[in-house]
1. With the structure loaded, tell me whether R140 is more than 15 Å from the chain's Cα centre (by Cα), open to solvent by less than 50 Å² (accessible area, probe 1.4 Å) and basic (K, R) or whether it fails that test.
2. Mind listing whichever residues of the stretch 127-136 are free of Cβ contacts under 8 Å to residues at least 60 places away in the same chain and in a loop (DSSP other than H, G, I, E, B)?
3. Give the residue that is modelled with the lowest pLDDT, with candidates limited to residues of the stretch 1-54 that are assigned to a helix (DSSP H, G or I) and more than 28 Å from R104 (Cβ to Cβ).
Amino acid sequence: QQETMRKNSHYTRVRSRHDTHDILRKNPALKFSMPSIVRLGSVTQGRPGDIEINTVEGVQNCSNKLKMKEIFQAKDIISPKFFSVDEVTKKKVRFPLVKKLFFRSRGQGMELIKDAKQLQAVLATGRKDIYFEEYFSGSREYRLHVSELGCFYSCRKLRKAGAKQRWFFNNSNCTWILEDNKLYNKPANFNEIVKECQKALKALGLDFAAFDVRVAK
């Protein structure tokens, strides 16, 4: 019986561009009864017959950050107001804005735009792979890992005491703490936040994903 189970088990192939996921790629315990592929940001095609967790289309919907924002807008999902390069010159915008790149993660390429002069300087570069988002100065930021069943893992990004750049939250200026830490400070409307993340998950066509959520006091 054990031999039969061994023959009928398959290593789950984890597809990702991030070295932080090496611990998953090299984990021999990640097995399934059928050939399976889990995408954590990669759009590498699977093999015929694979069980797919997060489809190529779903990953593409969130890999391009502007496309993701457009989906959020169409599905009425709570998210900061945003502007394409063309829109930001035609619409009345409220400063500060955050400049973001279509295809980046971990805060790469972000810039806080404080006034019209700074905005014009960015536009003068001629870059087309950027968009702008209204800055929301929430005092706390959380990362929620969510599936259709709910939130199965979450943490708070707690700013380090000596951090000089304090308008964003990432590995360079934050310590990540879990729910069992008293400093986690779980939001009173946590269940509502989870439901909104699940709504976003469905809109993007993903099976599970991690959402960064900024919370006001």
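The values are calculated or read from the model by the stated rules, or taken from the named source; none is laboratory data. This structure is a prediction, so every number in the text was calculated from the model and none was measured. Cβ sites come from the backbone with ideal geometry, for glycine too, and all protein chains shown count toward neighbours. These area figures cover heavy atoms from the full protein model, side chains too; ligands, DNA and RNA do not enter into them. Shrake-Rupley method; radii C 1.70, N 1.55, O 1.52, S 1.80 Å.
1. Working: more than 15 Å from the chain's Cα centre (by Cα): yes; open to solvent by less than 50 Å² (accessible area, probe 1.4 Å): yes; basic (K, R): yes.
For R140, the condition - more than 15 Å from the chain's Cα centre (by Cα), open to solvent by less than 50 Å² (accessible area, probe 1.4 Å) and basic (K, R) - is met.
2. Just the residues of the stretch 127-136 that are free of Cβ contacts under 8 Å to residues at least 60 places away in the same chain, to begin with: 127-130, 132, 134-135.
Once the filter is applied, which keeps residues that are free of Cβ contacts under 8 Å to residues at least 60 places away in the same chain and in a loop (DSSP other than H, G, I, E, B), the stretch 127-136 yields R127, K128, D129, Y135.
3. Pass one, the stretch 1-54, residues assigned to a helix (DSSP H, G or I): 2-7, 19-25.
With more than 28 Å from R104 (Cβ to Cβ) added as a condition, the list becomes 2-7.
Details: Q2: 47, E3: 48, T4: 47, M5: 44, R6: 52, K7: 54.
This residue is M5.
For (1) surrounded by 13 or more Cβ atoms within 10 Å (Cβ to Cβ); (2) under 18 Å from K217 (Cα atoms), each residue gets a yes or a no:
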| site | (1), (2) |
| --- | --- |
| R159 | yes, yes |
| G162 | no, no |
| N171 | no, no |
| C174 | yes, no |
| F190 | yes, yes |
